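As structure tokens, the structure follows; a few thoughts come after it.
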Amino acid sequence: MSTCRLYLITPPAFEPQAFAETLKVALGAGDVACLQLRLKGASDDEIRRSAALLTPIAHAHDVALVLNDRPDLAAELGCDGVHVGQDDVSYAEARRLVGPDRIVGVTCHNSRHLAMEAGEAGADYVAFGAFFPTHTKAVQYQAGIELLSWWSELMEIPCVAIGGITVANCDSLIRAGADFLAVASGVWEYPEGPAAAVKAFNARFGQNGKQPG
């Protein structure tokens, strides 16, 4: 089993040029597995411009860029994958649009049933949450930490923990078996800055991580 890794989510709105510079510094500070471009309410052209700017930065740091909600645009823009929620297109439709070789992750809230369905359908990862209160989005579902333990003992498919995760509260999620921690404001609004947050999360992974083997 591998060590837990960081799955960054972009702020809900940003000025692309300024954020590109912030992202370079953050990704240069330590290991990051994935960057999810999440721009709710943005126009297709705004998403295109942001993806064109951020994808090369992510790839320069060996970070996969996953687009939220929009498998059609993910395919068009050559993103590494797409993340779909339960209210977005189905896993099957997302897979049809992006093809067999790109990442498709699925939000499963706090539901074992939804996670099993997604895993059996072929999802590359399942996402559980929210584990903590968050101001990034309204919390409709509260997930318990035991969900991560159950999944990691049962399934090979990676699981992502999401929802209000910070350096201060992440240890229990790592120990419970989360493969990735999805973090937005916990990095971008970290008091010492995003680079310090990336370093701090990686230090927590090292202290609480599952041993390879």
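Every read-out reported here was derived from the displayed coordinates using simple, explicitly stated rules and does not represent laboratory data. All values reported here derive from a predicted model rather than from experimental measurement. Virtual Cβ from ideal backbone geometry, glycine too; neighbours counted across all protein chains shown.
When only Cα pairs under 8 Å and 6 or more residues apart are kept, what is the percent relative contact order across the chain?
Values: 419 pairs, mean separation 51.4, N = 213.
Once normalised by length, the contact order is 24 percent.
Go through the range 56-163 and name the chymotrypsin sites (Phe, Trp or Tyr not before Pro) that are in a DSSP coil and have 16 or fewer other Cβ atoms within 10 Å of their Cβ.
Tyr141
Per DSSP H run of n ≥ 4, the term is -39500 (n - 2.57); total these for the chain, divide by its residue number, and report the mean residue ellipticity at 222 nm rounded to 500 deg cm²/dmol. Spell out each step's value before the answer.
Numbers: 9 runs with 88 residues, N = 213.
The helix contribution divided over the chain gives -12000 deg cm²/dmol.
From the backbone phi of the range 33-38, what are the Karplus-calculated ³J(HN,Hα) couplings (6.51 cos²θ - 1.76 cosθ + 1.60, θ = phi - 60°) in whole Hz, Gly and Pro given as x?
My calculation for the range 33-38 gives 7, 8, 10, 9, 7, 10 Hz in order.
Could you give the dipole magnitude of the range 5-208 about its Cα centre, charging the beta-carbon of Lys and Arg +1 and that of Asp and Glu -1, in debye to the nearest 20?
Dipole magnitude for the range 5-208 comes out near 320 debye.
For a quick check of your reading of the filter: which trypsin sites (Lys or Arg not before Pro) in the range 5-53 sit in a DSSP loop and have no more than 13 other Cβ atoms within 10 Å?
Lys40
So, in Å, what gap is there between the alpha-carbon centers of the range 79-110 and the range 149-190?
So the two Cα centres are separated by 20 Å.
Name the residue farthest towards the positive end of the dipole of the chain from the options Ala74, Gly206, Ala176, assuming +1 on Cβ of Lys and Arg, -1 on Cβ of Asp and Glu, about the Cα centre.
Of the listed residues, the answer is Gly206.
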